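One structure below.
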Amino acid sequence: MNKALSIFIGVLISTSVFAQRDPNLGIIPAPVSITRANGSFILDKTTVLINQSIDGAKSADLLNAFIVSKAGYALRETKTVQPSQKSILITSVGADKLPAEGYTIKVTPTQITLTGRGAGLFYAVQSAMQMIPDKVADKITIPAVDINDYPRFAYRGTMLDVCRHYFPISFIKKYIDQLAYYKINTFHWHLTDDQGWRLEIKKYPKLTTVGSIRNGSIIGNYPGKGNYLTEVKGFYTQDEAKEIVRYAAEKYITVIPEIELPGHASAAIAAYPELSCFPERDTFISDKTPWAGSRKGKQVQQTWGVFDDIFVPSESTFNFLNNVLDEVIAIFPSKYIHIGGDEAPKTYWKESPFCQALMKEKGLKDEHELQSYFIQTIEKHVNGKGRSIIGWDEILEGGLAPNATVMSWRGEDGGIAAAQQNHDVIMTPGSMGLYIDHKQSNSPDEPVTIGGFAPYQKIYAYDPIPKVLTADQRKYIKGVQANMWSEYIKTPEKAQNHAFPRLLALAEIAWSPVERKDLKNFSEERLPNHLARLDKMNINLWVPTPIGQSDKPLTGGDFTIDLKVPIAGGKIYYSLDGSRPSENAFLYSGPVKVTVPQGEKRLLRTIVIAPSGRRSVTTETVMNNGAPDVKAEAKK
Ligand code: ACM
């Protein structure tokens, strides 16, 4: 080992100590208020479980199943409690005074009381499961505390694109389990796009027999280094979709289906070419696009992007879409139906004599107004069925449909404009980290993704309420959402890698009051245990890089490498000689002093290895004591 190194062995902290000293008791998202009291409740085999809430039987079962997993025994369920008997009480007494989805947890040395109704009670159990530590000598010690909790936003969402790649029902259920654990209550299911139509529509079978299959996909980043030449297909039957709706509802999650219109319609048009302005025209495929199979006729897209062949605004298209939406509405009981509305180029509408005549007839001054006419026609139908539409922020262009909710994705401007027009808004700006298909590091180790840069810290930093809005306008911001587009996400494992831990940061900005935001507490005191839990569940999380490592070059002669492990039970390995760190490198066990002689530099390279063996990307820090910058020298 380098003589200049001296190593201090840090104090190793066990995982349950982490949670016990954390003011948030390990709970993600951080509760509204959490007040510690004296003493603690010691849970053991004599503790009884009492459900006195009308709808608490499910919550009691859930909690007891959790206690079995944690303690190795189930609690006896009783109706009443004897004096001096320790109990966990589930009740709805007083729940009518709590805010929507709110709950309280009171822990005294003799009783744990969970109060709430419906979603509130369910969330009380989620928090209880997160704060109950591991057993020590058959006893579980829970500190006395008063928790009062309710969400900042009614809409706490995440979108999954299943069109660019199909994800099985089994994965979606597992995903929903995690959303519920973190009090995310909306699953936005992006079901139709250029590269695949993924929902069975009984009236139009070709949507799935034709539209759910593409012959290939580009390799690597757009425009692609070739084509995989393998079919990508898959769709959900209506029974499967209903099964997801039912499964999610049990966990107080609403499923919002998205049927894209008028753009991103290539798969529907491949199935039914008459939905195009130019049914006879081949799908445009650039010579540069690597392609599998025929380039003739209407094709399901094999590359990514935005395509000109969009729905023609004809009566027969509206009839088709209304019939599709009727079947969708019958499957999904959500108040909202997402109708897309984004990225609809006006090229074909400009060229089409039919569209130009329609614009004249309706007195529409440009194609944006035609898009607005399109969306408003659909909105009338959806409203007629007692539902409301949500659309991406392009639905502002040409005039917003009267009752539409706007999903602001191109930054915050769309959301701001919609709120200023007294329309409800869901914030999901890609530029603020809410696109969880984006990269999480600058490391070449990270697999191919669409680009961008959205580590969980960026999501955590985002406040969904734009400062420019007045107090009155702020009421229209109903929530926040993270989006996972799947062009470069082919497998459930990669989807998990994109989702975790970013969805945990999303959960906190969606639920917790802004004053409770504390990145250090989140990253250092709570996240490590949550990541260890996901790792143990074999969820393919993104292992964060060491906490405290600079990603910028450092200058000087004396350095102290002072790092924290981002995942409980994980290990940091490091090298200082440029070699790639692995289990064969130095094991970090506490602050390391490094002296770099004048005119030299050292390269710190680290890797985090989770208990499962999952790895972080390698991270580098240059420590420079006046050595020439080779790149700068070369430029001179
Ligand atoms: C979007 O990302 N096109 C909504």
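The values are calculated or read from the model by the stated rules, or taken from the named source; none is laboratory data. Quick caveat: nothing in here was measured; it's all calculated off a predicted structure. Virtual Cβ from ideal backbone geometry, glycine too; neighbours counted across all protein chains shown. Ligands, DNA and RNA are excluded from the accessible area calculation, which covers all protein heavy atoms including side chains. Shrake-Rupley method; radii C 1.70, N 1.55, O 1.52, S 1.80 Å.
Considered as a group, the residues in the stretch 149-174 that are aliphatic (A, V, I, L, M) and not in a loop (DSSP other than H, G, I, E, B) include one that is nearest to E487 (Cα to Cα), and that residue is L160.
Per-residue answers, yes or no, for (1) at positive phi; (2) in contact (Cβ under 8 Å) with a residue 12 or more places away in the chain; (3) within 16 Å of the ligand (Cβ to nearest atom); (4) surrounded by 22 or more Cβ atoms within 10 Å (Cβ to Cβ):
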site	(1), (2), (3), (4)
V480	no, yes, yes, yes
S486	no, yes, yes, yes
P492	no, yes, no, no
A495	no, yes, no, yes
E508	no, yes, no, yes
D518	no, yes, no, no
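Within the stretch 378-404, restricting attention to residues that are open to solvent by 10 Å² or more (accessible area, probe 1.4 Å) and small (G, A, S), the residue that is farthest from P464 (Cα to Cα) is G384. Considering only residues that are under 25 Å from the mean Cα position of the chain (by Cα) and away from the ligand (no atom under 15 Å from the Cβ), look in the stretch 405-430 and name the one that is surrounded by the fewest Cβ atoms within 10 Å (Cβ to Cβ). Out of the qualifying residues, it is A417.
If the condition is being crowded, with 19+ Cβ neighbours inside 10 Å and either more than 16 Å from the ligand (Cβ to nearest atom) or aromatic (F, W, Y) (or both), then the stretch 446-458 contributes P455, Y456.
The single condition among (1) over 23 Å from D55 (Cα atoms); (2) under 24 Å from the mean Cα position of the chain (by Cα) that K206 does not satisfy is (2). Take the stretch 25-59 and flag every residue that is among the aliphatic types (A, V, I, L, M), farther than 30 Å from S523 by Cβ and modelled with pLDDT of 95 or more. I42, V48, L49, I50, listed by residue number.
I'd like to check something: does the stretch 338-356 contain any residue that is touching a residue at least 60 places away in the same chain (Cβ under 8 Å), within 16 Å of the ligand (Cβ to nearest atom), farther than 24 Å from A270 by Cα and open to solvent by 10 Å² or more (accessible area, probe 1.4 Å)? No, the stretch 338-356 contains no residue that is touching a residue at least 60 places away in the same chain (Cβ under 8 Å), within 16 Å of the ligand (Cβ to nearest atom), farther than 24 Å from A270 by Cα and open to solvent by 10 Å² or more (accessible area, probe 1.4 Å). Annotation note: of D146, D134, D177, the sole residue that is part of a strand (DSSP E or B), touching a residue at least 12 places away in the same chain (Cβ under 8 Å) and surrounded by fewer than 17 Cβ atoms within 10 Å (Cβ to Cβ) is D146.
Residue-by-condition table, conditions (1) in contact with a Gly (Cβ under 8 Å, 6 or more places away or on another chain); (2) closer than 17 Å to G26 by Cβ:
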position	(1), (2)
K458	yes, no
Q473	no, no
N483	yes, no
S486	no, no
A507	no, yes
R516	no, yes
N540	no, no
S550	no, no
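Is it the case that the stretch 214-228 has a residue that's touching a residue at least 12 places away in the same chain (Cβ under 8 Å), away from the ligand (no atom under 16 Å from the Cβ), under 21 Å from the mean Cα position of the chain (by Cα) and not in a loop (DSSP other than H, G, I, E, B)? No; the residues of the stretch 214-228 include none that is touching a residue at least 12 places away in the same chain (Cβ under 8 Å), away from the ligand (no atom under 16 Å from the Cβ), under 21 Å from the mean Cα position of the chain (by Cα) and not in a loop (DSSP other than H, G, I, E, B).
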